[in-house]
Structures are given as structure tokens and as C-alpha cells.
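For reference, the structure discussed in these notes is given below.
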Amino acid sequence: MSSQPIRVPQEERTRAMRARLLEATVECLVEFGFSGTSTTLVSQRAGVSRGAQLHHFPTKNDLVVAAVEHLSALRGAELADTLADVPGGPQRTRTVLRILADHFTSPVFAAALELWVAARTDETLLAAVQPLEQRVGREAHFLTAAALGVDGTAPGTRELVQATLDLLRGLGLANTISDDTRRRERILDQWATTLESTLGIPTDHPTSTHEGA
């Protein structure tokens with residue numbers, strides 16, 4: 001009886017410590033990039049002793065690989081939450097695209113981008129990043145199609161949904177160099193019109209707004 005209350009808090013402290021380390025890793029990736037992120041810096045940011053950090057994650061790659069899994073789950077949950085309650089109506093497509101644009105310009109995306117670049121020349125990191133990114137991509141595709149109200153597996157529609165994600169990913173990459181907000185909004189407004197007309201998405205927009213666009 002006396003050991004149970006002691007063991008459970010210790011397990012909770014361990015989970016909390018690991019979570020702080022993973023969150024600190026993501027923060028450091030955003031702030032300092034992959035090359036500037038070190039286990040020492042992460043432990044300082046997390047408020048965890050070096051000994052405790054090394055116990056859970058002996059090397060930088062151990063820490064980053066765990067952070068990749070944490071980051072993938074975070075990105076999936078974030079996107080699912082924001083796309084879950086998209087209202088119907090004439091602005092539905094534009095709302096979905098704006099949510100995706102926010103996702104692909106968020107700090108979480110910036111951290112993922114650092115990992116992609118690093119994984120290009122690091123086989124260990126690539127082995128961890130590649131399958132997780134494929135899973136995130138499939139989830140994003142499913143969520144986007146559902147939010148738009150289309151069948152994401154249908155020929156033609158599948159490619160347009162994927163093109164939408166590729167477009168947003170590219171615009172997110174451009175935003176890491178400079179603030180691309182105004183140009184991005186114009187592109188997304190036109191792309192929304194293209195999706196609506198090509199996929200037959202119901203809209204209350206007057207037909208004149210599509211002509212000559």
C-alpha cells in the first residue's frame with residue numbers, strides 16, 4: 001500500500017520530464033536550427049539536469065528522433081483540431097485554406113522543416129523522419145478532403161487535394177525567408193475559386209466572381 005503512492009508520482013514526474021525535454025527540443029529547433037541545437041542547450045531550456053537528460057536520451061540523435069515522433073503527433077493533433085469544426089457556407093473553402101496556411105507557417109512546421117533538411121544527409125534521422133512524415137501526409141490529406149467535403153480518394157480529386165497541400169507547404173517554406181502574407185492571401189483566394197469550380201464544391205458566390213478570375 002505504501003509503495004503505490006510513491007511509484008505513481010515518480011512515473012508522472014518521468015513523463016513530465018520527457019515531455020519538457022521534447023518540447024524544449026522543438027523550441028530549440030525553431031530558434032537555433034538543427035545544427036545549433038545541442039543536448040546541453042535542450043536540458044537548460046527544459047530545466048532538466050544533464051544527468052537526467054542523458055539518462056533518457058544519451059545522444060542528440062536519440063533526443064531528436066524522439067522529438068520527431070512528438071512533433072508528428074503534435075502536428076497531426078493540431079491540424080485535426082482546427083479542421084474539425086470548419087463551418088459550411090460560401091467561405092468554407094477559403095477557411096480551410098487559411099487554416100492550412102496557418103499550420104504551414106507555424107513554429108511547429110518550422111521545426112519539422114529543420115528536421116527535413118538535416119535528414120537529407122543523416123541516414124539515422126532520415127529513417128525516423130521519413131515514415132512519420134508519410135503518416136502525417138496521409139493524415140493531412142484525409143483531414144483536408146473531409147474539411148472540403150470531397151472524396152479525397154477519387155481520381156482527379158485526390159491529386160487536387162495533394163496539390164493543395166503541396167502548394168501550402170511551398171508557401172510555408174517561402175514564409176521562412178520573408179513575410180509572404182499578402183501574396184499568399186491572393187494566391188489562396190484564387191486557388192479556392194479553382195477548387196470550387198473544378199471539384200464542384202457548393203458555394204453561394206455569384207458566378208460573376210469566377211468569370212475573368
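The values are calculated or read from the model by the stated rules, or taken from the named source; none is laboratory data. Please read these numbers as outputs of a predicted model, since none were measured by experiment. Here the Cβ positions follow ideal geometry from the backbone for every residue, glycine too, while neighbour counts run over all protein chains shown.
Here are the numbers for the structure shown:
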read-out: Members of region 166-186 that are surrounded by fewer than 18 Cβ atoms within 10 Å (Cβ to Cβ) and aliphatic (A, V, I, L, M); value: L173, A174, I177
read-out: Qualifying positions in region 136-158 - loosely packed, with under 13 Cβ neighbours inside 10 Å and in a helix (DSSP H, G or I); value: R138
read-out: Among (1) over 19 Å from the mean Cα position of the chain (by Cα); (2) modelled with pLDDT under 90, the one test that V129 misses; value: (1)
read-out: Odd one out for F57 among (1) more than 12 Å from the chain's Cα centre (by Cα); (2) free of Cβ contacts under 8 Å to residues at least 24 places away in the same chain; value: (2)
read-out: Enumeration of residues in region 98-143 that are of a type in the set (S, T, N, Q) and without any contact (Cβ under 8 Å) to a residue 24 or more places away in the chain; value: T121, Q130, Q134
read-out: Output for region 70-83, where each listed residue is touching a residue at least 40 places away in the same chain (Cβ under 8 Å) and of a type in the set (G, A, S); value: S72, G76, A80
read-out: Condition broken by P90, with the remaining ones in (1) over 19 Å from the mean Cα position of the chain (by Cα); (2) assigned to a helix (DSSP H, G or I) satisfied; value: (2)
read-out: Residue pairs meeting the criteria (Cβ under 7 Å; at least 6 apart or on separate chains; first in contact (Cβ under 8 Å) with a residue 24 or more places away in the chain and under 13 Å from A24 (Cβ atoms), in region 43-54; second of a type in the set (G, A, S) and assigned to a helix (DSSP H, G or I)); value: A46/A24; Q53/S43
read-out: Qualifying residue in region 142-151 (condition: closer than 26 Å to A66 by Cα, modelled with pLDDT of 90 or more and under 17 Å from the mean Cα position of the chain (by Cα)); value: yes
read-out: Any chance V42 is out of contact with any His (no Cβ under 9 Å at 6 or more places or on another chain), among the aliphatic types (A, V, I, L, M) and surrounded by fewer than 20 Cβ atoms within 10 Å (Cβ to Cβ); value: no
read-out: Enumeration of residues in region 85-99 that are loosely packed, with under 15 Cβ neighbours inside 10 Å and modelled with pLDDT of 85 or more; value: none
read-out: Residue list for region 167-204, restricted to those being among the polar types (S, T, N, Q), within 14 Å of T105 (Cα to Cα) and part of a helix (DSSP H, G or I); value: N175, T181
